[in-house]
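Novice: Shown below is the structure under consideration.
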Amino acid sequence: MTSPVDLGPGSFAEHTSLRVGGVVGTWIVARTEAACIEAIVECDDLGRPALVLGGGSNVVCSDAAFDGTVVQVAPMGITTVDQEGLLRIVSAAGEEWDELVLRSLAAGSAALAPLSGIPGLVGASPIQNVGAYGAEVSDYLVSVRVWDRTGRSVQELSAQECGFGYRTSRFKQELDRFVVLEVAFDLPVDESVCVSYPQLASAVGVDVGASADGVRVREAVMELRRSKGMVLDEHDRDTWSVGSFFVNPIVSDAVARTLPDECPRFSTPSSSDEVKVSAAWLIAASGIDPGFQLSESGARVSTKHTLAISNTGSATCEDVLELARWMRSCVADRFGVELVAEPRLIGCTL
C-alpha cells in the first residue's frame, strides 16, 4: 500500500483555480484508493475535520485558516474495454477529466466530446453531475466506486443510486459522506456524436440534432470555452475562477412567462411545468457588464463571460462573495429570480 503523502501546511489559494482561501493545517495527497481511505479513516477516528478535495476547480474557500486536514484524492489509472458496441471506460478519481475525454476519443467514442476542456478531476464529475453543451456525465455513467464514511465500507453505487439531477447528485445532497474512488462509463463506439446545443451546432456547422465528427466537436468546444475564459490558463486572469459561478435557474412556467422573450430558455426533461433559463443572460440584462468590478475589490466579472467571477490577482474570498451577492441581488431586483451558486462554498456562505 502507498501511504498518503503529507505536504504539511498549505493554503487553498495555492491549490484552487480561484486562488483564494486561507491556510490549511495539514495537506495530504493520497495517490491510491487505500491511501485515500487510510487518511480519511484516521481523521474520522481522531475526530479531526477532514475535507476531501480533487482538482480545486469548483470550490470557493474561506479566507480563514482551516484547522483540519485536506485529503487530495489522487489515484491514477484509466482502463478501456470494448464490449459489443460499447466502450467501458473505468477511471480512477485522480485522473484529469479532460484526459478521460481524450482517451475515449482515441478509443473510438466521441460521446464525451461536448464535455471537453472542463477543468477538474474525474472523481468530482459525478458530484456536480458535470455538464456542458447539451451533455452531462450522468448520460453515460454506469457506476461509482466510493468509500462510505458513514458505513465505513467500500461500495459500488449504480447510476440510479447516485440520484442525478441538473448539476446535483446524491453526493452533493449527502455532502462529505462519500469519497469517490473510481468512476465507470459505458460509451457508444462511434466517432461522431449528436450535437444538441444550438451554439455548438453553429460552431461545428451542422443543424441542431445532427451528428458531427467527435474531433471537430472537441475543437469547437475548446474554441468556445477559450472565448469565454473557461479553459484554465495561468497567464489569463479571467480563468482564475471556478468557471460558471451560478447555475441556470429552473423556474416555474408562470415565472418564465414574466421574463422577456429574448431570455434563452431550455427544456427540463424532469418536468413540463418548469423551464430552465439562462443565468448569463439574466446577469447581463440586469446591467452587469463583462469586467464589472466593485470599488476596491480584487474580484471582477470575467471580461469574457458574465457568468464567471475572476480573481484579478489580489482578490480575497470575501471580495468574490461580495461581488456574487451584488450580482444575485441585481438579478432578483430586476427579474425576481434567485441565482444559486454552482461551486461548493467551504467555510463561507452567500
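Novice: Using a Förster distance of 51 angstrom, determine the FRET efficiency expected from the C-beta separation of Val81 and Arg334, and round it to 0.05. Please report the intermediate quantities before stating the final value.
Specialist: Values: r = 52 Å, r/R0 = 1.01.
The computed FRET efficiency comes out at 0.50.
Novice: Going Cα to Cα from Lys304, which lysines come in below 23 Å? Please leave out same-chain ones fewer than 8 positions away.
Specialist: Output for Lys304: Lys228, Lys276.
Novice: Which Cα, out of Val29, Gln128, Leu259, lies furthest along the positive dipole direction of the chain (beta carbon charges, K/R +1, D/E -1)?
Specialist: Among Val29, Gln128, Leu259, the one farthest towards the positive end of the dipole of the chain is Leu259.
Novice: Here's another thing I want to ask about it. Which of these, Cys36, Cys263, Cys61, has the largest mean-square fluctuation under a Gaussian network model of the chain (Cα springs below 10 Å)?
Specialist: Its mean-square fluctuation being the largest, the pick is Cys263.
Novice: How far apart, in nm, are two points set 7 Å out from the Cα along the Cα-to-Cβ line at Thr150 and at Asp233?
Specialist: Between Thr150 and Asp233, the simple spin-label model gives 4.4 nm.
Novice: Working out 0.36 nm times the residue gap between Glu174 and Glu161, then minus their Cα-Cα distance, what length gain in nm do you get to one decimal? It would help to have the intermediate numbers written out before the result.
Specialist: Values: separation 13, 0.36 × 13 = 4.68 nm, distance 1.24 nm.
In short, 3.4 nm is gained.
Novice: Per 0.36 nm of contour for each residue apart, how much would the distance between Ser295 and Asp45 grow if the chain were fully extended, relative to their Cα-Cα spacing? Please list the in-between numbers first.
Specialist: Details: separation 250, 0.36 × 250 = 90.00 nm, distance 4.61 nm.
Length gained, Ser295 through Asp45: 85.4 nm.
Novice: In a GNM of the chain with a 10 Å cut-off on Cα contacts, which of Gly134, Gly151, Gly108 has the highest mean-square fluctuation?
Specialist: In the Gaussian network model the winner is Gly151.
Novice: Here is a follow-up. Taking neighbour counts of Cβ atoms within 10 Å as a proxy for exposure, in what order, fewest first, do Leu350, Leu105, Leu121 appear?
Specialist: With the sparsest Cβ surroundings first, the list reads Leu350, Leu105, Leu121.
Novice: Okay, helix-only estimate at 222 nm for the chain: each DSSP H run of n ≥ 4 adds -39500 (n - 2.57), divide by all residues, round to 500 deg cm²/dmol; what do you get?
Specialist: Values: 10 runs with 89 residues, N = 350.
Calculated from helices alone, the mean residue ellipticity at 222 nm is -7000 deg cm²/dmol.
Novice: If you don't mind, there's one more thing I want to ask. Explain nothing, just the number: dipole magnitude of the chain about its Cα centre with +1 on each Lys and Arg Cβ and -1 on each Asp and Glu Cβ, in debye rounded to the nearest 20.
Specialist: Numbers: 27 positive and 47 negative charges, 96 e Å.
Dipole magnitude for the chain comes out near 460 debye.
Novice: Still on this structure: Would you kindly state the longest site-free stretch of the chain, with sites defined as GluC sites (Glu not before Pro) in a DSSP loop (not H, G, I, E, B) surrounded by at most 10 other Cβ atoms within 10 Å?
Specialist: After excluding every exposed loop site, the longest remaining stretch is 85-233.
Novice: Compute the normalised compactness of region 78-226: alpha-carbon radius of gyration over 2.2 N^0.38 Å, N being the residue count. Don't jump to the answer; show the numbers that get you there.
Specialist: On the way: Rg = 15.3 Å, N = 149, 2.2 N^0.38 = 14.7 Å.
Relative to the 2.2 N^0.38 Å estimate, region 78-226 comes out at 1.04.
Novice: If I build a Gaussian network model for the chain, linking alpha-carbon pairs within less than 10 angstrom, which residue out of Ala39, Ala113, Ala284 has the largest mean-square fluctuation?
Specialist: Ala284
Novice: Also, I was wondering about something else. Taking every pair of alpha-carbon atoms in the chain, give the share separated by more than 30 Å as a whole percent.
Specialist: Numbers: 23109 of 61075 pairs.
The share of Cα pairs beyond 30 Å in the chain comes to 38 percent.
No lab work stands behind these numbers, since they all come straight from the coordinates. As the structure is a computational prediction, the values presented were derived from the model and not from experiment. Glycine gets a Cβ as well: all are built from the backbone with ideal geometry, and neighbour counts include every protein chain shown.
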